[in-house]
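Let me begin by presenting the structure, written as structure tokens, before commenting on it.
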Amino acid sequence: MRRRTGPIEQGYVRRVSPTACSVMAFPGSSVEDMEQLRFLARQYAQQVPFGLDWPLNFWASEIAYHRGDHAARCWLDGYFQRHHTTDTRH
């Protein structure tokens with residue numbers, strides 16, 4: 001987790017208001033993947049602390065632990081594993 005104010009890196013999520021967060025998709029993501037990320041960002045914005053960029057896999061763990069939505073965690077973990085490359089710092 002890093003405190004950031006600039007652009008979000010690929011594979012990270014940032015809370016931008018009390019009820020909204022911004023997610024940067026990985027390159028090569030399908031339209032369906034991006035729609036699902038936007039949906040999860042609307043549903044679970046409160047699971048991201050203010051001012052921090054969280055990797056998607058950390059966010060997935062928080063969703064499962066605090067909200068009990070294991071389907072969202074499985075989807076985010078699968079998305080992260082499909083698009084994760086060795087040059088990311090997750």
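The values are calculated or read from the model by the stated rules, or taken from the named source; none is laboratory data. Quantities reported herein were computed from a predicted structural model and do not represent experimental measurements. Here the Cβ is made from the backbone with ideal geometry for all residues, glycine too, and neighbour counts use every protein chain on show. When the accessible area is computed, the model is the full protein with side chains, heavy atoms only, and any ligands, DNA or RNA have been set aside. Shrake-Rupley method; radii C 1.70, N 1.55, O 1.52, S 1.80 Å.
Contact map, region 64-83: first residue closer than 12 Å to Ser29 by Cβ and without any contact (Cβ under 8 Å) to a residue 24 or more places away in the chain, second residue open to solvent by less than 50 Å² (accessible area, probe 1.4 Å) and part of a helix (DSSP H, G or I), Cβ cut-off under 7 Å, separation 6 or more or different chains; the map is empty.
Only one residue in Gln43, Gln10 is over 17 Å from Phe80 (Cβ atoms) and polar (S, T, N, Q). Which one? Before the answer, list the steps.
Numbers: Gln10 fails: over 17 Å from Phe80 (Cβ atoms).
The unique qualifying residue is Gln43.
Remark: pairs (first residue in region 38-59, without any contact (Cβ under 8 Å) to a residue 12 or more places away in the chain and more than 11 Å from Val23 (Cα to Cα); second residue open to solvent by less than 10 Å² (accessible area, probe 1.4 Å) and aromatic (Phe, Trp, Tyr); Cβ separation under 7 Å; 6+ apart in sequence or on different chains) are absent. If the condition is being within 17 Å of Asn57 (Cβ to Cβ) and assigned to a loop (DSSP other than H, G, I, E, B), then region 5-38 contributes Ile8, Glu9, Gln10, Gly11, Met24, Ala25, Phe26, Ser29.
In the set Ala71, Ala41, only one residue is assigned to a helix (DSSP H, G or I) and surrounded by 13 or more Cβ atoms within 10 Å (Cβ to Cβ); that residue is Ala41.
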